[in-house]
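Here is the structure we will look at, set down as structure tokens.
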Amino acid sequence: MNAKILIVEDEPAIQELLAFNVMQAGFQALCAGDAETTWQQIRDSVPHLILLDWMLPGTSGVVLAKQLRSDARTKDIPIIMLTARGEERDKILGLESGADDYITKPFSPRELMARIRAVLRRHVQAMPDKTVTASGLKLSPATHRVTANGLNIEVGPTEFRLLHFFMTHAERVHSRTQLLDQVWGTQVFVEERTVDVHIRRLRAALEPAGMDALIQTVRGSGYRFSATYDRGSG
């Protein structure tokens, strides 16, 4: 797959090294050193994936990730956050900003390429075109739209896949490990805590329509999508 990878990194030596490894792996490399250049690159050629450094001059990677997720042109582009911050709270902040994956510096080119391939594979996996409905929610894989009683719901690409899986496996309890395998894939380097972050993002997206309680926490077991829910649960 000759995908275009946009590398957003302000350190020239690191940017050059990342571009070299991306091209060695058979991808196209686009480069930007700040938020302004990132948007210019996107206007010229929309990438298939963005490698986004946390520490950027001016607008930080975390803020830029949120902007990318809120823009119609870029909301579905997978993002891998690159950072020297290894604390769990930093990983969660990176994921909550809209990143699909998170890799801590220093990392090997081999690990980075494995992450890129895994995220790209996850986003191009075929999903049945059949529209799914439950409790006023309507999810259309063909148009990548979610509505709740006619109200449009904006969800990121990972949350879309997560909601699709929940809606097609309603009332069953799924552990974090099972959700990782089914939604992220078995070849992905993702921690179980990542599931919690995306569950929170999915609930936040559903909350304005009063649908957040559809996603229930089952203590000690995992999560369940219940089409007959109690609005006080979860």
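We did not get these values from a lab; they are worked out from the coordinates using the rules stated. The shown structure was predicted, so the numbers you read here are calculated from the model rather than taken from an experiment. Positions of Cβ are backbone-derived with ideal geometry, glycine not excepted, and every protein chain shown enters the neighbour counts.
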I'm checking a number: the convex hull volume of the Cα atoms of the chain, normalised per residue, in Å³. What is it? 125
Check: the chain dipole with +1 on Lys, Arg Cβ and -1 on Asp, Glu Cβ, in debye: 780
Efficiency of FRET between Thr133 and Phe20 - r from beta-carbon atoms, R0 45 angstrom, step 0.05: 0.40
Points 7 angstrom from Cα along the Cβ direction at Thr59 and Asp181: gap in nanometres? 4.0
Mean-square fluctuation maximum in Gaussian network of the chain, Cα pairs under 10 Å, restricted to Asp90, Asp100, Asp71, hits Asp71
Just to be sure I understand the model, the point goes 7 Å from the Cα along the line to the Cβ. What's the resulting His144 to Arg73 distance in nm? 1.5
Rounded to the nearest 10 degrees, what's the angle between the helix 12-24 long axis and the longest principal axis of the chain, both from Cα atoms, 0 to 90? 70
With Cα coordinates, the longest principal axis of the chain makes an angle with the long axis of helix 157-168, in degrees rounded to 10, of 20
What FRET efficiency comes out for the pair Ala170/Thr37, r = Cβ-Cβ distance, R0 = 45 Å, nearest 0.05? 0.50
Take the range 4-124, drop everything but the C-alpha atoms, weight them equally and run the Debye formula without solvent; then report log10 I(q)/I(0) at 0.13, 0.19 Å⁻¹ to two decimals. -0.43, -1.00
With 0.36 nm assigned to each residue of separation and the Cα-Cα distance removed, Lys66 to Val46 gains 5.5 nm
Taking 0.36 nm per residue of sequence separation and subtracting the Cα-Cα distance, how much length would be gained by fully extending the chain between Asp10 and Asp196, in nm to one decimal? 63.9 nm
Relative contact order of the chain: what whole-number percent is it, with Cα pairs under 8 angstrom and at least 6 residues apart? 13
